[in-house]
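> Please read through the structure below; I'll follow up with questions.
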Amino acid sequence: MTISAPRYGSLPFARTERAFRVLAIMKREVVRRARWGTLLAVGLSYAIVILMVVFDAEFASFIGNLTTATFEAPFESPVWPFLMLIVATTAGAGTIAEDVGNRSITLYLSRPIHLVDYLAAKAAACASWLVIAAVGPGVVGATIVAALGLAPAAVCLASLGAFVVVGLLAAVFFTGTALAFSSLTNRSLYAGVGIFGVILSLYVGAAVVAGITGSVYVPYASPVTDLRSVALTVFGVGGTPDTDPLASALVLLGAGVMLTGFAYWRLTRVEVVGE
Amino acid sequence: MAGGLVRVDSVFKRFGSVEALTNLTVELSSGTIGLVGPNGSGKTTLIRLLMGLLAPDAGTLTVLGHDSQRDSLRVRELVGYMPEHDCLMPDLTGIGFVAFMGRVSGLPREVAMSRAHDVLEFVGLREQRYRRINEYSVGMRQRVKLAQAIVHDPPLCFLDEPTSGLDPQGREEMLGLIRALSKIGNHSFVLSTHLLPDTEGLCDQVLLLNAGRRLASGRVDELLAVKNEDRVVRVKGDPSRFVAALSAKGLTPRLAEGEVRFTLLQGDTRPVFQAAFETGTEVRYLGRSVSTIEDLFLSLVNVVPVGPPT
């Protein structure tokens, strides 16, 4: 052990602004969540979406029927929302729960940041992984299609925009869900089971209940159905979706925001410093 | 320093039916301050209030001239905090953790890393700084907690039970580190502890709390001087007769655990020996009853009525 303490005299620099402190927390959280489950789900998302987009585009191009609707193929399959669910679970379940569990939240909140800054950093980190998984593959797929000359640039650009819209909507919803469940417990496993179980239950349950009752409102309870309705519309696919796309988009956005608000409320109940 | 180091004015804080702090008013100046009291006396609640992590039910708190509620971000820029419990980030290395906490405290990246190296070397973790925290022993964890509290060079540092869980050697080393830090100019420490000997020889001021109430506060030497007239006597023979004889001489003795405690009148010890002579007892020991903060605390707990919250 050394016998003299470090001496600095006065601070020879300007302190960083709050935004940079939030960014520092977010960056650490993004790196921290780069676990095998997250990376596997993201990798699968890229592989599946890009393959579907490129092959469908090539086939549609061959038969001379290529439109933006061709790019909607990944949303017709339950695989895409399932992968988003995995990313939300692996990247989001522990985001608050682990900090509460190991009580490092005490250290975060003893620093010059507000509770809302902490939550914003955590939300941004979780959303980053979801955006990488939800928006990235479609964007890359559309770019590859354009680069291969399989579709006109305008179609690819429009598809790219559609991927961004649907991907961001999914990111908002799944981020809110992950934060809410993560704030409920100090075990990331429990939070993960909660996220997975509730979304799957809503997907299956809404379909069953809607089938029995014939209600036109019940399908809105299924985030997967809501996302598909929005995707059908923004990609310009014909036909009538199960739900009104605008209402579905509002449901997803509203749920995402409200669940994030719920996570904030839960955090205000967390003991910052144990007695 | 405008407004002193810490100013607490008529603060009340209640958690449900439990009154954590009751009409607490105290002013502390720069230095090393012992925040002393038994578990549940309100020490941690006071720290939480001072850092703006809790809002008082009534009253105001000022830290380094800043209102801890209205200007809590500024307060937290200027203070460091070493929590009592284990709250580290086990997936990080020591250096990564301390540098990260520096960045969240507002240090630029390069400065945070540079200071992380400095403070880890200071706390004796130079060789272990690249090891993950989940491989650290209890003593190393306490040291890295101290390192993260001082990485941003705060003028005031709250240390909550810094010797908790340490063996005697580790405790001495931790107190030595705090002692070394306290010798740096313009750096103050609030050392919260229920281990009163930790404050001996380290703190120049003390705030004694019990059941959310202030028992005493101020400079240690002044507080001990006030109680300078208190004496303790151990006698061979019947102490109850000796107590009765002392009472007859106008003193107010208390018999506890075989010892007789009383306050001298004008520094005069002759009544003690007269009472011993009259009762046939033998004075085996006569000395000051308050010579340490622990003695002071115990004497005040006996004197100050502390009832249940009303």
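> For chain B, what relative contact order do you get, as a whole percent, if you take Cα pairs closer than 8 Å and at least 6 residues apart? Can you show the working numbers first?
On the way: 580 pairs, mean separation 58.4, N = 310.
Reported as a whole number, the value is 19 percent.
> Measure up B:LYS145/B:LYS183; B:LYS43/B:LYS183; B:LYS13/B:LYS183 against 29 Å on the Cα-Cα distance and list the ones that go over. Before the final figure, lay out each step's value.
Details: B:LYS145/B:LYS183 20 Å; B:LYS43/B:LYS183 24 Å; B:LYS13/B:LYS183 34 Å.
With Cα atoms farther than 29 Å apart: B:LYS13/B:LYS183.
> If you don't mind, another one. Taking the highest mean first, how do the peptides B:19-26, A:173-180 order by number of other beta carbon atoms within 10 angstrom per residue?
On the way: B:19-26: 19.9, A:173-180: 28.9.
Packing proxy ranking, top to bottom: A:173-180, B:19-26.
> Same structure, new question: Return the average number of partner chain Cβ atoms within 10 angstrom of each residue Cβ along peptide A:111-123.
Details: counts 14, 13, 5, 4, 1, 0, 2, 1, 0, 0, 1, 0, 0.
For this peptide, the per-residue mean of nearby foreign Cβ atoms is 3.
> Right, next: Using heavy-atom solvent-accessible surface (probe 1.4 Å) with all chains present, what is the largest-first order of A:HIS114, B:HIS187?
Values: A:HIS114 70, B:HIS187 35 Å².
From most accessible down to least: A:HIS114, B:HIS187.
> Here is a follow-up. If you stretched the chain out fully between B:ARG179 and B:ARG70, how much longer would it get, using 0.36 nm times the residue separation minus the C-alpha to C-alpha distance? Could the numbers behind the result be given before it?
Numbers: separation 109, 0.36 × 109 = 39.24 nm, distance 3.22 nm.
The B:ARG179-B:ARG70 span can extend by a further 36.0 nm.
> Give me the accessible area of B:LEU181, 1.4 Å probe, in Å² rounded to the nearest 10.
So the heavy atoms of B:LEU181 present about 10 Å² to solvent.
> Over chain A, what is the mean sequence separation of C-alpha contacts under 8 Å (at least six apart), divided by residue count, expressed as relative contact order in percent? Show your work: numbers first, answer last.
Working: 372 pairs, mean separation 64.1, N = 275.
Over chain A, the number comes to 23 percent.
> Based on the Cβ-Cβ distance of B:THR292 and A:THR268, what FRET efficiency does E = 1/(1 + (r/R0)^6) give at R0 = 30 Å, to the nearest 0.05? Please report the intermediate quantities before stating the final value.
Working: r = 42 Å, r/R0 = 1.40.
My answer for the efficiency is 0.10.
> Please identify the helices of chain B, taking whole runs of DSSP H, that span at least 18 Å along their own axis as judged from the Cα atoms and have a mean Kyte-Doolittle score of 0.0 or higher. Kindly include the intermediate steps, with their values, before the conclusion.
Values: long enough: B:109-122 (20 Å, -0.21); B:138-150 (19 Å, 0.15); B:168-182 (21 Å, -0.21).
Helices meeting the span and hydropathy rule in chain B are B:138-150.
> Related question: Starting from the alpha-carbon convex hull of the range B:97-255, give the projected area averaged over all orientations, in nm². Present the calculation step by step, with values, prior to reporting the outcome.
Working: hull surface 54.6 nm².
If I average the Cα hull's projected area over directions, I get 13.7 nm².
> In debye to the nearest 20, how big a dipole does the protein assembly as shown give about its Cα centre with +1 on each Lys and Arg Cβ and -1 on each Asp and Glu Cβ? Mind showing how you got there, number by number?
On the way: 51 positive and 50 negative charges, 168 e Å.
It comes to approximately 800 debye.
> For the protein assembly as shown, what is the calculated [θ] at 222 nm in deg cm²/dmol (nearest 500), taking -39500 (n - 2.57) for each run of four or more DSSP H residues and dividing by its residue count? Numbers along the way, then the final one.
Numbers: 22 runs with 305 residues, N = 585.
Taking each H run of at least 4 residues, the total per residue is -17000 deg cm²/dmol.
> Another one. Pop out the carbon and sulfur fraction of the accessible area of the protein assembly as shown as a percent, whole number, probe 1.4 Å. Write out the running numbers ahead of the final one.
Details: 14950 of 24960 Å².
Exposed carbon and sulfur together represent 60 percent of the surface.
> Which value, in debye to the nearest 20, gives the size of the charge dipole of the range B:172-240 about its Cα centre, when Lys and Arg are +1 and Asp and Glu are -1 at the Cβ?
Values: 9 positive and 10 negative charges, 38 e Å.
Result for the range B:172-240 is approximately 180 debye, rounded to the nearest 20.
> Now a separate question. Among the helices of chain A (complete DSSP H runs), which have Cα atoms covering no less than 20 Å along the helix axis and a Kyte-Doolittle mean of at least -0.5? Don't jump to the answer; show the numbers that get you there.
Numbers: long enough: A:18-32 (21 Å, 0.25); A:36-62 (38 Å, 1.71); A:115-134 (28 Å, 1.54); A:153-184 (46 Å, 2.09); A:188-213 (36 Å, 1.88); A:245-268 (35 Å, 1.31).
Helices meeting the span and hydropathy rule in chain A are A:18-32, A:36-62, A:115-134, A:153-184, A:188-213, A:245-268.
> Further question on the same structure: Roughly how much accessible area, to the nearest 100 Å², goes out of reach of solvent when A and B pair up, both sides summed, probe 1.4 Å? Could the numbers behind the result be given before it?
Values: alone 14170 and 14880 Å², together 24960 Å².
Chain pair A/B: roughly 4100 Å² of buried accessible area.
> Additional query: Specify which residue in the list A:THR90, A:GLY64, A:GLY136 is farthest towards the positive end of the charge dipole of the range A:15-268, using unit charges on the beta carbon of Lys, Arg (+1) and Asp, Glu (-1), about the Cα centre.
Among A:THR90, A:GLY64, A:GLY136, the one farthest towards the positive end of the dipole of the range A:15-268 is A:THR90.
> Please report, to one decimal in angstroms, the Kirkwood hydrodynamic radius of chain B built from all distinct Cα-Cα pairs.
21.5 Å
> Measure out, as a whole number of angstrom, how far apart the alpha-carbon centroids of the range A:61-91 and the range B:264-283 sit.
97 Å
> Whenever you get a sec, line up A:TYR217, B:TYR285, B:TYR136 from highest to lowest accessible area (probe 1.4 Å, protein heavy atoms).
On the way: A:TYR217 170, B:TYR285 90, B:TYR136 15 Å².
The ranking, largest first, comes out as A:TYR217, B:TYR285, B:TYR136.
> Please get the size of the charge dipole for chain A, origin at its Cα centre, with Cβ charges of +1 on Lys and Arg and -1 on Asp and Glu, quoted in debye to the nearest 20. Numbers along the way, then the final one.
Numbers: 16 positive and 14 negative charges, 258 e Å.
My answer is approximately 1240 debye.
> If you look at just the Cα atoms of the protein assembly as shown, how large are its Rg and its Dmax in Å?
Values for the protein assembly as shown (Cα only, Rg and Dmax): 32.4, 123 Å.
> What order, most packed first, do the peptides B:82-91, B:256-265 have when packing is the mean number of other Cβ atoms within 10 Å of each residue?
Details: B:82-91: 20.1, B:256-265: 14.6.
Listed from highest to lowest mean packing, they are B:82-91, B:256-265.
> According to a simple spin-label model (label point 7 Å from Cα along Cα-to-Cβ), what is the distance in nm between A:LEU23 and A:LEU200?
Taking the simple label geometry, A:LEU200 and A:LEU23 are separated by 4.0 nm.
> So how far apart, in nm, are the two label points at B:GLU282 and B:ASN186 if each is 7 Å from Cα heading toward Cβ?
Result for the modelled spin labels: 6.2 nm.
> Label-point separation (nm) for B:ARG132 and B:SER17, each offset 7 Å from Cα along Cα-to-Cβ?
Output for this residue pair reads 4.6 nm.
> Considering every residue in B:111-119, what mean count of other chain Cβ atoms within 10 Å of its Cβ is obtained? Don't skip to the answer; put the middle values down first.
Details: counts 6, 2, 0, 1, 2, 0, 1, 5, 2.
Shielding by partners across B:111-119 averages 2.
> Roughly how many whole Å is it from the C-alpha centroid of the range B:75-119 to that of the range A:132-159?
Distance between centres, Cα-based: 43 Å.
> For A:TRP80, A:TRP265, give me the order by solvent-accessible area with a 1.4 Å probe, most accessible first, ignoring ligands, DNA and RNA.
Working: A:TRP80 15, A:TRP265 120 Å².
Greatest to least solvent exposure: A:TRP265, A:TRP80.
> Follow-up question, since we're still on this one. Using a 10 Å cut-off on Cβ to Cβ distances, tally the other chain neighbours for every residue of A:96-109 and report the average as a whole number.
Numbers: counts 0, 0, 3, 2, 0, 0, 8, 5, 9, 1, 7, 13, 4, 6.
The shielding value for this peptide is 4.
> What order, most packed first, do the peptides A:85-96, B:58-69 have when packing is the mean number of other Cβ atoms within 10 Å of each residue?
Working: A:85-96: 27.3, B:58-69: 19.3.
In descending order of packing, they fall as A:85-96, B:58-69.
> Same structure, new question: Over the range A:76-199, what portion of Cα pair distances is larger than 17 Å, expressed as a whole percent? Before the final figure, lay out each step's value.
Values: 4597 of 7626 pairs.
That fraction is 60 percent.
> Using the 2.2 N^0.38 Å rule of thumb for compact globular proteins, work out how chain A stacks up: its C-alpha Rg over that value, please.
Values: Rg = 21.6 Å, N = 275, 2.2 N^0.38 = 18.6 Å.
It is 1.16.
The values are calculated or read from the model by the stated rules, or taken from the named source; none is laboratory data. Since the model is a prediction, treat every value here as computed from it, not as a measurement. FYI the Cβ positions are ideal-geometry reconstructions off the backbone, even for glycines, and counts take in every protein chain you see. Ligands, DNA and RNA are stripped out before the accessible areas are found, and what is left, the full protein with its side chains, is counted by its heavy atoms. Shrake-Rupley method; radii C 1.70, N 1.55, O 1.52, S 1.80 Å.
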